[in-house]
1. Pick from region B:398-417 the residues that are among the β-branched types (Val, Ile, Thr) and assigned to a helix (DSSP H, G or I): which of them is nearest to residue B:292 (Cα to Cα)?
2. Condition (residue is without any contact (Cβ under 8 Å) to a residue 24 or more places away in the chain and farther than 28 Å from residue B:113 by Cβ) applied to region B:425-448: is it met by at least one residue?
3. Looking only at region B:198-211, decide whether some residue is farther than 30 Å from residue B:348 by Cβ and of a type in the set (D, E, K, R).
4. Can you say whether residue B:179 is within 14 Å of chain A (Cβ to nearest Cβ) and at pLDDT 95 or above, as far as the supplied structure shows?
5. Could you tell me how many of the residues in region A:366-395 are surrounded by 15 or more Cβ atoms within 10 Å (Cβ to Cβ) and either more than 18 Å from the chain's Cα centre (by Cα) or assigned to a strand (DSSP E or B) (or both)?
6. Just checking, which of B:196, B:159 is within 18 Å of the chain's Cα centre (by Cα), under 30 Å from residue B:389 (Cα atoms) and more than 8 Å from chain A (Cβ to nearest Cβ)?
7. Across region A:1-28, which residue is surrounded by the most Cβ atoms within 10 Å (Cβ to Cβ) among those that are polar (S, T, N, Q) and out of contact with any His (no Cβ under 6 Å at 6 or more places or on another chain)?
8. Run residue B:241 past the list (1) at the interface with chain A (Cβ under 9 Å from one of its Cβ atoms); (2) closer than 26 Å to residue A:243 by Cβ and report the number of the one that doesn't hold.
There are 2 protein chains.
Amino acid sequence: MIDNRTAAIEYARSQHERYVNDLIELVKIPSVSTDPNYVADIRRAAEHVQKKLKAIGMENIRLIETPRHPVLYADHLHAGPDKPTVIIYGHYDVQPAEPLDLWHTPPYEPTLRDGKLYGRGASDMKGQVMASLHAVEAVMKHGGLPVNIKWLIEGEEEIGSPNLLKVIRDNKDLLTADFALNPDGGILGEDLPAIIYGLRGLAYFEVHVSGPDHDLHSGIYGGSVLNPAAELARLIAGMHDANGHITLPGFYDKVQALDAEERAELGRLPTDEAYYMKHTGVPMLWGEKGYSPVEHTGARPTLEVNGLLSGFTGEGAKTVLPAKAMAKISTRLVPNQHPDDVEKSLIKYMEQNARSAVTWSVKQITSGNPASITSRDSDGVKALSKAMQSVWGKRPLFRREGGSVPVVYQMKEELGIDSVLTGFGLPDDNLHAPNEKLTLGPWYKGIEALIHFFHNL
Amino acid sequence: MIDNRTAAIEYARSQHERYVNDLIELVKIPSVSTDPNYVADIRRAAEHVQKKLKAIGMENIRLIETPRHPVLYADHLHAGPDKPTVIIYGHYDVQPAEPLDLWHTPPYEPTLRDGKLYGRGASDMKGQVMASLHAVEAVMKHGGLPVNIKWLIEGEEEIGSPNLLKVIRDNKDLLTADFALNPDGGILGEDLPAIIYGLRGLAYFEVHVSGPDHDLHSGIYGGSVLNPAAELARLIAGMHDANGHITLPGFYDKVQALDAEERAELGRLPTDEAYYMKHTGVPMLWGEKGYSPVEHTGARPTLEVNGLLSGFTGEGAKTVLPAKAMAKISTRLVPNQHPDDVEKSLIKYMEQNARSAVTWSVKQITSGNPASITSRDSDGVKALSKAMQSVWGKRPLFRREGGSVPVVYQMKEELGIDSVLTGFGLPDDNLHAPNEKLTLGPWYKGIEALIHFFHNL
């Protein structure tokens, strides 16, 4: 007699056709969160997932209303108090499909071609939500769930999760858990399973420099006053030294150094210099001295100019000496750096460096969020790593991603729990773009990996 | 029996009421060159001035047609070949009067209040054209003109004289002369007569810096590529040293040093630091070390950022690492600097300083023009200086202006002649603004000064 784990895996292998048909049903619903025209569809998507959760035996199912799109909650808490409780995070909304004329088949008529399912949301992340659901079902049907699970599936991820924080805050008791599984990431290739254990934080600023009280004629006054655009440029230039280190006072004070073991682990990633050259199109990479591109983008803090605006920017020539200049400047943070500390550093830098012939202001224009990191020795990461090894026959890659995922930070802040990020989409799935697709091979493997994951916990 | 000069002066003093009425007639015509709705009015203004020139005895009067507004030519060449020939330059077009609600009396219903005539164009420069015409008439009526004169009065000055260069080029023989009188400047106070003997030149560039082949996500790629906006900022920052000197290689090679005599002369100007503070509203002046504001703005070359644009500049935060960045950068030039040399300097600077992780381009986006300077020892300047001394009882101030006047450069290039710039408007005449006015006291003095000027030549 085979064990429950093996039985669940075999069951999952027998269900591929149904899995695809189930996913097709969900992808057919145009649950575009940003567009008021789809408000009925997005509720239909929420209710569709709700029905699916009910069908596999989830309990306490509810739609938590928000000012916009509801958050779906469900749980199954019968593994016992000595077993871990896992929140499975997901979102049922999708990006708009436009430009429609670039789709080879209609975005909401999911189409199978060459082992890939084409349709908006197939990979991001309806496919990942359904993979989780299928894995849970398979485990439940074969001996029952060895862990307690709670589902938190929102409908506003593609518009920046404006209401999720409040839902989490208002439902802290409901959402107690040991950690979260967030399958909204991806793997690096069909044969390159990956776990994201770190995300950078973000602090985003507007810097304004003002000089004259109105735009001046550059002939009549040019030479007698400090040009705010030139002064802003000088200030920006001084924010990095020649080695690409950031010069804001105290910026690195709390930054954790990378140890040799972690650098070796990150060195396994296939995203080498050639990868970054190809995906950015630059004539030459450039980053902080002493670190690799993978470290530059995932494990080291950065400061970027996101926008610049001053004076006359239209066609032709206008001989204006601008009254003011503005830069959008953001920093990506690594563990232990806090956005408010960075704001203090930036203000101190301006105090020390801006000349008195101009005035200036610094404003943090988003609430920002610190970085998050989940120990690679945590139960969740170990269980998933082992699961991927079972399915792919190799250790997964461990990634630190450069961007921020607000829900990860919100769960850390409000619930005190770390997140394990994974997913079974591929880098070329065309997320947010025409012809989004899900490659079924690694998706089936992902369902098996999640079955192992629940059994490994 | 009184001499011709004195008789002309006395005659002019007797004509004040008629002079004002004549000017009112001309100001009533809304000759707005930029606005197609006024195309009939602008021709009416040209024909009005044409009639006035005919009435005082000018000859060879013609409207030289252009693709837009005609240039008025007339001459009076009976002083003999041993006498100098002077081109009197003027323009009969005006700026738009908008915003109309800020005018205390309608812009085209000239109104006298407190010895000032309010109306669009009263000072800039219908008043100056009529002052020249009245002076010539007074001299002619009392012994005849002791010089040969040619009038060149255009209708497109307020839109940048797009067709004047071709008119000058096509009529070189007609326009041979010894120098030009250009009364489109002004004096610095009712009791501060002034002659402008120098103008700065202009070279205007767009600098583009490009990095990635598309805008990147600053989280995913930030840290691995050189940010084009940051690199542009660094390049701009390096264009000046800490003393405000321009660092472009060879930029100062041909710059003429200011001698002590000229610096003393410029030091007589009342435009001191307080003046520049007041008119710019800056918290502190800032300029090239070792020079005064008057020198900064008139006699030293400058480099200004006129515009900056990169990435996301709207409301809020977008975490983009921009693919490219653009700056509009212009230099004001002093005698012997040529725009094409400056372009070479700027390109060399970029070659020496821009990093290989970006690409860049430099484009001169206007044809540019060198500086122009008229010797203070030239016959024209000396005659006008002596004339002003006679009327105001003091030496005029000698100014070098920071801006460019294309016609001055065009006459130098095409006709080989220098210009003497003056005018009888005041700094607070509200040129190009609501409630433009002409203060009659200095205007009457200006007519007398021009009578002396013609006799002094």
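The values are calculated or read from the model by the stated rules, or taken from the named source; none is laboratory data. Just so we're clear, the structure is a prediction, and the values are computed from it rather than from any experiment. Please note: Cβ atoms are built from the backbone with ideal geometry, for glycine as well, and neighbour counts cover all protein chains shown.
1. B:408
2. no
3. No; the residues of region B:198-211 include none that is farther than 30 Å from residue B:348 by Cβ and of a type in the set (D, E, K, R).
4. When the stated conditions are applied, residue B:179 does not pass them.
5. 18
6. The match here is B:196.
7. A:15
8. Single failed check for residue B:241: (1).
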